[in-house]
Amino acid sequence: MRKKLMLLSILISFLFLCFNFANAQEITNIPTNFTSEKDKIWFENNPDSLPIWLTSEELERLDEIGKGFVGSDPPPESMRQPAEFEPMQGVLIRYPFGIPYSIIAEMSEDVEVVTIVASPSEQSYVYSQYQSYGVNLDNCDFLIAPSDSYWTRDYGPWFIFNGNDEQGIVDFIYNRPRPNDNQMPIKFGNAYGIPVYGMSLEHTGGNYMTDGQGIAISTDLVWDENQGYSHAQIDQMVEDYLGIDTYHVVPDALGDYIKHIDCWAKLLSPDTIMIIKPSTSHLHYDDFEEAVQYFENQTTCYGTNFNVVRVYTHMTEPYINSLILNNKVIVPITGSQWDDDAIESYEAALPGYEVLGFTGSWVSTDAIHCRIKGIVDRYMLYIDHTPLSGTQSGNDGYDIYTQIFPYSDENLITASTGVYWKTEGGSWGLIEMEPIGNNEYHAVIPPQETGTLVYYYIHAEDYSGRSENYPYIGEQMAYSFTTYFDNNPPDKPDIDGPIAGEPGVEYTYCIEAADPDEDDLYVLWDWDDGGTTDWLGPYTSGELICASHIWDVEGSYIIQVKVKDVFGAIINATLEVIIPRNRILQKSGTTIFKSLPNLMPISQLLLKKLNIL
C-alpha cells in the first residue's frame with residue numbers, strides 16, 4: 001500500500017512538472033545560447049519571462065520590431081488620454097508573475113485583476129493559486145493569449161476616450177522584437193469589445209506618462225527609436241492619436257540604461273511630479289538635479305509651474321517605480337534603511353492616500369510599475385477643473401467652473417454634485433453646482449475678508465453609482481487660495497463743529513459718512529484727551545453721524561474720526577479744537593447760530609444740503 005502511494009505521489013509530481021514545462025514553452029521563446037552574462041543570470045532566476053532590456057539575442061533581431069504591425073486612422077476628435085491617477089477599474093498582469101501574490105491579493109480588494117495566461121489549463125492553475133493566496137476571486141478575470149514577458153506596463157494597451165466620449169485603445173509598435181507582447185493591445189481590445197487604433201510610432205509604456213489633460217513626458221528614447229520621423233511629426237502623431245498638445249521629451253537622467261521615464265520620475269497629479277534624489281556620490285546626481293530644474297520651470301495644465309517633490313533612493317532603490325491605483329499607492333521596498341523615508345515621502349506628497357510597501361524580485365528601478373498596467377474605468381465620472389490658487393479677488397464671491405463627464409451616460413445626482421468649501425479653521429459646507437451647458441457647471445464661494453484662506457474641492461455623483469472628487473482624494477488634498485477683496489475705502493469726511501470752546505461745556509460734532517461701494521460703515525471718535533468711543537454703527541452710506549464731548553482742561557486738541565467699511569478699509573479725518581478762548585468762533589456758519597454751539601454742526605450740514613452755505 002505504501003509503495004503504491006509513493007508511486008502515485010511521484011506520478012503526480014511528474015505530471016505537475018510536465019504541466020508547468022509545457023506552459024512555459026507555450027508562453028515564451030526563451031533563448032538557450034547566452035552570449036551575455038547578464039542575460040544568463042536573468043534567465044536562471046526568471047525562466048519564464050524575457051527581461052525588460054533587450055537581450056543579446058534580440059539585439060540581432062531589431063529589424064523584427066513592428067513586423068506585422070498595422071496602423072490605422074486616428075480616433076474621432078477630440079480625444080483624451082487619462083492619467084494613472086484617474087479612476088481605474090482594474091489592472092493587467094501576466095502569469096508567470098513578476099510580482100508577489102500579496103500585491104495581487106491587495107489589488108483584488110478594490111479592482112478587477114485581469115491575468116494574461118497561455119491556456120485554459122494554466123487559467124485553472126492560476127485560479128487555484130489565487131484561492132490559496134487569498135485573492136478575491138470575484139474580482140478576477142483572465143485573458144488567454146501567448147506572451148513573451150511580464151512587463152505589461154511596457155506593452156499593454158494605452159486607453160483613451162475619443163471625441164464621442166467612448167473608450168478606445170491606442171496600439172503602438174512595441175520597441176522589442178517580441179511578437180506576442182506586441183499583439184496584447186489588440187488581444188485585449190478584442191476580448192473586451194474596445195476599438196483599437198494603430199499609431200505607427202515605436203514606443204513603450206515605461207517611457208511614457210501623461211497628466212490626463214494633454215501633457216505627456218518621455219525620454220529622448222522616443223526620438224532615438226523613430227528617426228524616420230522629425231520631432232514635429234512625432235508631436236503631431238501623439239496629438240492626433242492621444243490628444244497630447246505638449247510633449248516633453250527630455251534627456252534620460254539615468255544615462256544609457258533602458259531610458260524609461262518611470263525609472264526616475266513619476267507624475268502624481270496634474271501639477272506635481274516626483275523625481276528621485278540619489279546619493280551625491282551617484283554617477284548621475286547632477287543629471288537628476290538638472291531634471292528637477294527643468295520641470296520647476298515648465299508650465300502645467302493649470303498655468304502654474306510644476307511642483308517637484310523628491311524621494312531618496314540612495315544608489316539603486318526602486319521606490320519611484322510605484323503604482324497609483326485609485327486611493328492607494330503600491331511602493332516597491334527592499335528592506336533597506338531607506339524604506340520608511342520613501343513611504344513618508346509618498347505620504348507627504350499624496351496626503352489621504354493609503355501608501356503600501358511591498359518587497360519582491362525588483363530589478364533596481366524596474367519594479368511594480370513596470371509589471372502592472374492599470375485598466376482605466378470605462379465608465380468613469382470625469383471631472384475637469386482648473387483650480388483657483390494664489391490670491392483671488394472677488395467682491396461678489398469666487399467663481400468655480402468645471403466640466404463633468406459621466407462616461408456611463410447616466411445623469412448626475414444634482415443634489416450631491418457641488419463644491420465643498422471652508423475657511424481656515426472652519427467646517428466644510430456644500431454649494432450645489434448649477435449646469436450652464438456643454439457639461440459645464442458653476443458655483444460661487446461667498447466673498448470673504450481680505451487675507452482669508454479658503455479650501456475647496458469638487459464632488460460629483462451619478463446614477464451609475466460612481467462618486468468622484470477633484471482632486472481625486474478630496475478633502476485631504478483640497479485646493480486653496482487666499483482672498484483679496486477689491487474694495488474702495490470710505491470717502492474722507494469733513495468734521496463740522498466748533499473749533500474753539502470752554503472747559504466743561506459739551507460740544508457736538510458731525511460727519512456725513514459715505515462709501516463709494518455703498519457699504520455699511522462704522523465710526524470711531526478719538527477726542528485727544530484719552531477719551532475714545534467704541535466702533536459705532538453700522539451706519540448706511542450717506543448717513544449723518546454725530547457725537548458729543550466735554551473737555552475739562554484747557555489746551556489744543558486734535559479730534560480724529562475713523563470711518564471703516566464692513567471689509568475693514570479705514571479712512572481718517574481730523575479737526576483742531578482750542579479750549580478755551582475769549583469768544584467762540586465757528587468753522588463756518590451764520591451769526592444766528594454763534595450762541596448755539598451744539599446746534600451749529602447739524603444746522604450747518606442741513607444748510608449745505610440746501611445750498612444756502
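The values are calculated or read from the model by the stated rules, or taken from the named source; none is laboratory data. Note that the structure is predicted; figures quoted are calculated from it, not measured. Neighbour counts run over all protein chains shown; Cβ positions are idealised from the backbone, glycine included. The area values use the complete protein model at the heavy-atom level, side chains included, leaving out ligands, DNA and RNA. Shrake-Rupley method; radii C 1.70, N 1.55, O 1.52, S 1.80 Å.
Run the reach check for K187 against aspartates and glutamates, Cα to Cα strictly under 13 Å, same-chain hits fewer than 8 apart removed. What comes back?
Within the straight-line limit of under 13 Å, K187 reaches these aspartates and glutamates: D171.
Search the structure for amide H atoms under 5 Å from the amide H of T359, placed 1.01 Å from N in the peptide plane, and list their residues when 5 or more places away or on another chain.
HN-HN under 5 Å from T359: I333.
Only bridges with both residues in the chain count here: give the DSSP antiparallel percent, nearest 5.
About 70 percent, rounded to the nearest 5.
If you plug each phi of region 533-544 into the Karplus form 6.51 cos²θ - 1.76 cosθ + 1.60 with θ = phi - 60°, what whole-Hz ³J(HN,Hα) values come out, in order, with x for Gly and Pro?
Karplus values, whole Hz, x for Gly and Pro: 8, 6, 5, 9, x, x, 10, 7, 4, x, 6, 7.
If packing is taken as the average number of other Cβ atoms within 10 Å across a peptide's residues, how do 318-324, 539-545 rank, most packed first?
Those peptides, ordered most packed to least, come out 318-324, 539-545.
For K67 and A232 in one chain, what is 0.36 nm times their gap in residues minus the Cα-Cα distance, to one decimal in nm? If you can, show how the numbers build up before the last one.
Numbers: separation 165, 0.36 × 165 = 59.40 nm, distance 2.47 nm.
Residue separation times 0.36 nm, minus the Cα-Cα distance, leaves 56.9 nm.
Please compute the modelled spin-label separation between W223 and R310, points set 7 Å along Cα→Cβ, answer in nm with one decimal.
2.7
Before rounding to the nearest 500, sum -39500 (n - 2.57) across all DSSP H runs of length at least 4 in the chain and divide by the residue total; then give [θ] at 222 nm in deg cm²/dmol. Display every interim value, and only then the final one.
Details: 13 runs with 126 residues, N = 613.
Estimated from H runs of four or more residues: -6000 deg cm²/dmol.
Modelled label-to-label distance, S556 and D491, 7 Å Cα→beta-carbon offset: nm?
Each label point lies 7 Å from its Cα, and together they span 3.0 nm.
From the phi angles alone, apply the Karplus equation (6.51, -1.76, 1.60; θ = phi - 60°) to region 417-430 and give each ³J(HN,Hα) in whole Hz, x where the residue is Gly or Pro.
Ordered by residue, 3J(HN,Hα) equals 10, x, 10, 8, 8, 7, 9, 3, x, x, 10, 6, x, 10 Hz.
Compute the FRET efficiency between E44 and D141 as 1/(1 + (r/R0)^6), taking r as their Cβ-Cβ distance and R0 = 35 Å, and round to the nearest 0.05.
0.60
So how much accessible area does E410 have, in Å² to the nearest 10, using a 1.4 Å probe?
Spelled out: E410, probe radius 1.4 Å, area about 80 Å².
Enumerate the calculated ³J(HN,Hα) couplings along region 439-452 in order (Karplus 6.51 cos²θ - 1.76 cosθ + 1.60, θ = phi - 60°), each rounded to whole Hz, writing x wherever the residue is Gly or Pro.
After applying 6.51 cos²θ - 1.76 cosθ + 1.60, I find 6, 9, 9, 9, 8, 10, 7, x, x, 10, 5, 4, x, 6 Hz.
Helix by helix, which DSSP H runs in the chain go 15 Å or more along their axis at the Cα atoms and have an average Kyte-Doolittle hydropathy of 0.5 or more?
2-27
Over the chain, calculate the relative contact order: mean separation of alpha carbon pairs under 8 Å at least 6 apart, over the residue count, as a percent.
Taking the mean separation of contacting Cα pairs over the length of the chain, I get 9 percent.
Tally up the carbon and sulfur contribution to the accessible surface of region 140-279 as a whole percent, 1.4 Å probe, everything protein left in place.
Here it works out to 45 percent.
Compute the distance in nm between two label points, each set 7 Å from the Cα along the Cα-to-Cβ direction, one at D341 and one at D245.
Distance between label points: 4.1 nm.
Measure off, as a whole percent, the carbon and sulfur share of the 1.4 Å-probe accessible area of region 423-569, all protein chains present.
Carbon plus sulfur share of accessible area: 43 percent.
So who's got an amide H within less than 5 Å of the one on E202, skipping anything under 5 residues away but keeping other chains? H placed 1.01 Å off N, in plane.
Distant-sequence amide H within range of E202: I173.
Given K38/K328; K40/K266; K328/K373; K266/K422; K40/K277; K259/K373, which pairs have Cα atoms separated by over 23 Å? Can you show the working numbers first?
Working: K38/K328 34 Å; K40/K266 31 Å; K328/K373 15 Å; K266/K422 31 Å; K40/K277 31 Å; K259/K373 19 Å.
Beyond 23 Å between Cα atoms: K38/K328; K40/K266; K266/K422; K40/K277.
Counting only heavy atoms of the protein chains, get the accessible area per residue of the chain (1.4 Å probe) and round it to a whole Å² value.
45
Which residues' amide hydrogens lie under 5 Å from the amide hydrogen of Y398, considering only partners 5 or more residues apart or on another chain, with H built in the peptide plane?
Correct list: I445.
Based on the mean of other beta carbon atoms within 10 Å per residue, what is the order of 157-163, 92-98, most packed first?
92-98, 157-163
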